[in-house]
1. How about segment 1-68: which GluC sites (Glu not before Pro) there are in a DSSP loop, with at most 13 other Cβ atoms within 10 Å of their Cβ?
2. Assuming R0 = 25 Å, what is the FRET efficiency of residue 44 and residue 110, from their Cβ-Cβ distance, to the nearest 0.05?
3. With the full set of protein chains in place, find how many percent of the accessible area of the chain is carbon and sulfur; take the probe as 1.4 Å.
4. Work from the charge dipole of segment 1-88 (Cβ charges, +1 for Lys and Arg, -1 for Asp and Glu, about the Cα centre) and give the residue of 64, 39, 21 farthest towards its positive end.
5. At 0.36 nm per residue, minus the direct Cα-Cα distance, what do residue 62 and residue 77 gain on full extension? Give it in nm, one decimal, please.
6. Over the chain, give the accessible area per residue in Å² for a 1.4 Å probe, as an integer.
7. Give the calculated FRET efficiency between residue 10 and residue 35 to the nearest 0.05, with a Förster radius of 22 Å applied to their Cβ-Cβ distance.
8. For the chain: lysine pairs with Cα atoms under 27 Å, gap of 8 or more or different chains, count?
Amino acid sequence: MVRCMSGTTEPFKVEVGLHLGSTLIPFMFAIIMDTFTDNIRKEAPWSMMFADDVVLCCKGKTELEENLERWRDGLEKRGMKVSRVKTEYMCLNGVLGGSVRIKDQLLPVK
């Protein structure tokens, strides 16, 4: 079945599609992510995507938490989920001023 803004279709059998390992899969994923994040992304180096990973660069904790929330909200509105378990952060200058949260969950420091 397909879920979209107008509702969910009836289930149907998929007989032809992309196979795991197909060279089209990463390309299609990149196109979909570009489309989903068009109004969220900032120019490099502030937002960068590497396969299914996203790097957000910010100057401070508040800006980072705002960017994380914008990405989380934007992707979850489209049916994707940001993994709170895999999401982590690092501080290059050693001064952040507290821990970073995404939707009330503390993120581990890398």
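1. Counting only loop positions with at most 13 other Cβ atoms within 10 Å, the GluC sites (Glu not before Pro) in segment 1-68 are 15, 43.
2. It comes to 0.80.
3. Percent of accessible area from carbon and sulfur atoms in the chain: 58.
4. The Cα lying farthest towards the positive end belongs to 64.
5. Working it through step by step, the gained length comes to 3.2 nm.
6. For the chain, the solvent-accessible area averages 80 Å² per residue.
7. Here the calculated transfer efficiency is 0.30.
8. Number of lysine pairs found: 25.
The values are calculated or read from the model by the stated rules, or taken from the named source; none is laboratory data. Please read these numbers as outputs of a predicted model, since none were measured by experiment. Backbone-built Cβ (ideal geometry, glycine too); neighbour counts: all protein chains shown. Just so you know, the surface numbers come from the protein's heavy atoms only, side chains and all, with ligands and any DNA or RNA stripped out. Shrake-Rupley method; radii C 1.70, N 1.55, O 1.52, S 1.80 Å.
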